[in-house]
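Peer 1: Here it is, the structure, as structure tokens.
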Amino acid sequence: MNKFFIILIGCGSLAFAQGQSAEHRPFVLNGHSWLNQQAFIDSGARCGAKNFSADEMDDNDKQLKVDRELARQSGLTLEVTAGTIPVYWHVINNGSGLANGDIPDSQITASINVLNAAFASTGWNFQLITTDRTTHSSWYTAGPGTSAEGAMKAALHKGSADDLNIYSSNPGGGLLGWATFPSSYASKPLADGVVILFSSVPGGSAAPYNLGDTATHEVGHWMGLYHTFQGGCNGGGDVVSDTPAEKSAAYGCPTGRDSCRTKAGLDPITNFMDYTDDACMNTFSIGQDARMDAQFTTYRFGK
């Protein structure tokens, strides 16, 4: 398949006890229970993508500048600002039927539609190329960094750096998903991609994370974005100037939340890179769009 890019030339279900307030309401997701939704967020199950330290983020962005300057000196002045990203979807199941993670094609199509709606303002869109289905009990529950994850991806990964591999499975522990970052591709190409809980797709049972935006969030990482709450109220945050500083991850949809009162702007709770419920998320910022373009150009385009 020919890829088309627009180029600029330039330098589980939710259960709760009725009548309880949210902070005291038990939170149940994919068969796992937490004291409340805050405890779920604090557990790290919302996203298993690598959590970079401030020093690592600084090193990453210094390296990005070096890599972009080397490309410029080599005469590679293409800046990819939009385009169509081929998607290879790998359904990892524990047997036939939805209860075993064998999601239907209709939910995969709906997931691609959600991705395209989410990224529409950035100019990036996604096209499903193939779907394959694998029944494998250890891959079905593989977590980030495990030997099972490595074996799964080594066997199933398709394409190159600018192709998106999505694996839907049931990693366990209530984990919703994780992703690799663009700069990691060169050293670990077969590990590249996004893994999501199968029931987080549109119409799945993982309410309030069942509208498809777990994939949106993880693809944001795959395109080079950090969490909006990265670094809290101090330092460089998520290295994007137009996402206001945020002390900690938000959940639910806390309109008017201002966790960094000495910094300008309310918390970016509608941003896809926060931890709010799917129904609350609807935004990538202009700065995030620019960062995705730079990361894709440097580490993915044509690699």
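The values are calculated or read from the model by the stated rules, or taken from the named source; none is laboratory data. On a predicted model such as this, the values are computed, not experimentally measured, just so you know. Reconstructed Cβ throughout: ideal geometry from the backbone, glycine too, with neighbour counts over all protein chains shown. The accessibility values were calculated without ligands, DNA or RNA, using every heavy atom of the protein model including side chains. Shrake-Rupley method; radii C 1.70, N 1.55, O 1.52, S 1.80 Å.
Peer 1: Output the peptides 141-151, 245-255 sorted from most to least packed, where packing is the average of other Cβ atoms within 10 Å over each peptide's residues.
Peer 2: 245-255, 141-151
Peer 1: Given Cβ point charges of +1 (Lys, Arg) and -1 (Asp, Glu) and nothing else, what value in debye, to the nearest 20, does the dipole of the chain about its Cα centre take?
Peer 2: Computed about the Cα centre, the dipole is about 280 debye.
Peer 1: When a/c reaches 1.5 or more, the comparison of a/b and b/c decides; with that in mind, is region 98-186 rounded, prolate or oblate per its Cα gyration tensor? Write down the numbers at each step before the final one.
Peer 2: Working: a/c = 1.72, a/b = 1.25, b/c = 1.37.
It comes out oblate by the Cα gyration axes.
Peer 1: For the residue pair residue 151 and residue 186, what label-to-label distance in nm results when each label sits 7 Å from Cα along the Cα-to-beta-carbon direction?
Peer 2: So the two model labels end up 3.2 nm from each other.
Peer 1: Quickly work out the residue 233-to-residue 138 label distance, labels modelled 7 Å from Cα along the C-beta direction, and quote it in nm with one decimal.
Peer 2: 4.8
Peer 1: Straight-line reach only, C-alpha to C-alpha below 16 angstrom: list the lysines that residue 50 could link to, leaving out same-chain residues fewer than 8 apart.
Peer 2: Leaving aside lysines fewer than 8 places away in the same chain, those within reach of residue 50 are 188.
Peer 1: Let me ask something else about it. Normalising by the residue count of region 175-231, find the relative contact order in percent from Cα pairs under 8 Å and 6+ residues apart.
Peer 2: The value is 35 percent.
Peer 1: Could you give me the percent of Cα pairs per 10 Å distance bin for the chain, shortest bin first, beginning at zero and ending with the bin that holds the maximum distance?
Peer 2: Percent of pairs per bin, in order: 6, 28, 36, 23, 6, 1, 0.
Peer 1: Which of the pairs 62/263; 158/247; 263/303; 62/303 have their Cα atoms more than 32 Å apart in this structure?
Peer 2: Details: 62/263 25 Å; 158/247 38 Å; 263/303 39 Å; 62/303 20 Å.
From 62/263; 158/247; 263/303; 62/303, over 32 Å: 158/247; 263/303.
Peer 1: Is the shape of region 250-296 rounded, prolate or oblate, going by the alpha carbon gyration tensor and its root eigenvalues a ≥ b ≥ c, with a/c under 1.5 for rounded and a/b larger than b/c for prolate? Can you show the working numbers first?
Peer 2: Working: a/c = 2.96, a/b = 1.42, b/c = 2.09.
Cα axes put region 250-296 in the oblate bin.
Peer 1: Roughly how many percent of the accessible protein surface of region 113-253 is carbon and sulfur, given a 1.4 Å probe and a whole-percent answer?
Peer 2: Numbers: 2540 of 4570 Å².
C and S fraction of accessible area: 55 percent.
Peer 1: Hey, how many Å between the Cα centroid of region 231-245 and the Cα centroid of region 146-161?
Peer 2: 33
Peer 1: Right, something else. I'd like to compare 131-138, 221-228, 38-45: which one has the highest average count of other Cβ atoms within 10 Å, and what's the full order after that?
Peer 2: For the peptides 131-138, 221-228, 38-45, the packing ranking is 221-228, 38-45, 131-138.
Peer 1: Follow-up question, since we're still on this one. May I ask you to give the solvent-accessible area per residue for the chain, in square angstrom, as obtained with a 1.4 angstrom probe?
Peer 2: 43
Peer 1: If you don't mind, there's one more thing I want to ask. Tell me what the chain gives for mean residue ellipticity at 222 nm when only DSSP H runs of n ≥ 4 count, each as -39,500 (n - 2.57), the sum divided by the residue total, rounded to 500 deg cm²/dmol.
Peer 2: Calculated from helices alone, the mean residue ellipticity at 222 nm is -8000 deg cm²/dmol.
Peer 1: Full extension from residue 303 to residue 106: what is 0.36 nm times the residue separation minus their Cα-Cα distance, to one decimal in nm? Could you put the intermediate results ahead of the total?
Peer 2: On the way: separation 197, 0.36 × 197 = 70.92 nm, distance 3.12 nm.
Fully extending the segment from residue 303 to residue 106 adds 67.8 nm.
Peer 1: Given the Cα-Cα distance of residue 98 and residue 55 and 0.36 nm per residue of separation, how much length would full extension add, in nm?
Peer 2: Contour length minus Cα-Cα distance gives 11.2 nm.
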